[in-house]
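> Following this message is one structure expressed as structure tokens.
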Amino acid sequence: MAASFPGSLKSFTPVDDGVTYVEQDLWNDAYDEIEAEQALLGTFNGGLTYNESIKNLLLNYQQGCEVEFKSIADLYVRAGELAIPDASSNLRIRRNPTDTTVNWTNIDTGAESSGVETTYYVYAVADAAATTFTVMISVTAPATFAAATFFKQIGTFVNNVGNDIDQINSLRSEISTAEKVGFWANFNGDTFATRDSYNVTSISDEGTGDYNITIATDFANTDFCAVCSCTNVALASRDDITVGVFNVQTVNASGTPVDDTNVNVIAIGDR
């Protein structure tokens, strides 16, 4: 039987042991279903061949691999998996199970710029015969980058005039809100009940208008940015901050601590 995709479903001829006589016109060709799947994949991309359809489907595939700040001399490329193309869009799938630390030893050629603000590109590279990818940094943009055959740009950063890593930009195309935000919480500080939260282990009542939020996955440092708000009193503000506990206080117009029915906190920073 010839493959019947994509116009109709494939039908198999049943064979019952001791009952059905197998005849040539009833036999299921061993390759029918492979051909059917190839034809089906081809229809997804305007009639291209099945292998071109698969390549187009996977070309922008990336899970994780975010470029993040580690220190003024180092970057993180977080654990993850991605498809890395060559100039002809041939693909190699590579996965790093742990975070990679990137520094100036990863530069493609030359050395760190000195005293001049310079933009660098961060590339995932899959030239080696391996299951993991390596990371390379370069002043060369993707259009003219020639230090590798299989590569994908995953970020940029600036080396500022003080020779410090700055202005990091991760090019991952799809990052959920949860991954962008360090933590958030919405709770009633009067009856003291948590409505909803993300990356929060617990919220404790420390007294009138005084609350501690325990963060599940800590920040890397205490320099994270947080915004607090409340609806029924004058002010919600942060105090006594650590990487794992955030304190928020609510006060009235006179500065006296009061409980509020709707306290909201959200924070973004390195983790």
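The values are calculated or read from the model by the stated rules, or taken from the named source; none is laboratory data. None of these values were measured; they are calculated from a predicted model. Cβ: placed from backbone, ideal geometry, glycine included. Neighbour counts: every protein chain shown.
> Suppose we filter region 83-111 for residues that are in contact with a Ser or Thr (Cβ under 8 Å, 6 or more places away or on another chain) and charged (D, E, K, R); how many remain?
Total satisfying the criteria: 4.
> Would you please list the contacts, defined by Cβ atoms under 7 Å and residues six or more apart or on different chains, that run from a residue in region 70-92 that is in the same structural domain as residue 223 (by TED's automatic domain parsing) and among the aliphatic types (A, V, I, L, M) to a residue that is modelled with pLDDT of 90 or more and in a loop (DSSP other than H, G, I, E, B)?
Sorted first by the residue in region 70-92, then by its partner, the list stays empty.
> Right, another one. Give the residue, chosen from 102, 125, that is out of contact with any His (no Cβ under 8 Å at 6 or more places or on another chain), among the hydrophobic types (A, V, I, L, M, F, W, C) and under 22 Å from residue 161 (Cβ atoms).
Only one candidate qualifies: 102.
> Residues in region 142-155: is at least one modelled with pLDDT of 95 or more, touching a Lys or Arg at 6+ places or on another chain (Cβ under 9 Å) and not in a strand (DSSP E or B)?
yes
Conditions (1) among the aromatic types (Phe, Trp, Tyr); (2) modelled with pLDDT under 90; (3) part of a loop (DSSP other than H, G, I, E, B), marked per residue:
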| position | (1), (2), (3) |
| --- | --- |
| 205 | no, no, no |
| 220 | no, yes, yes |
| 238 | no, yes, no |
| 264 | no, no, no |
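> Restricting to region 132-146, give me the number of residues that are exposed (fewer than 13 other Cβ atoms within 10 Å of the Cβ) and either of a type outside the set (Gly, Ala, Ser) or not assigned by TED's automatic domain parsing to the domain that holds residue 66 (or both).
Result for region 132-146: 2.
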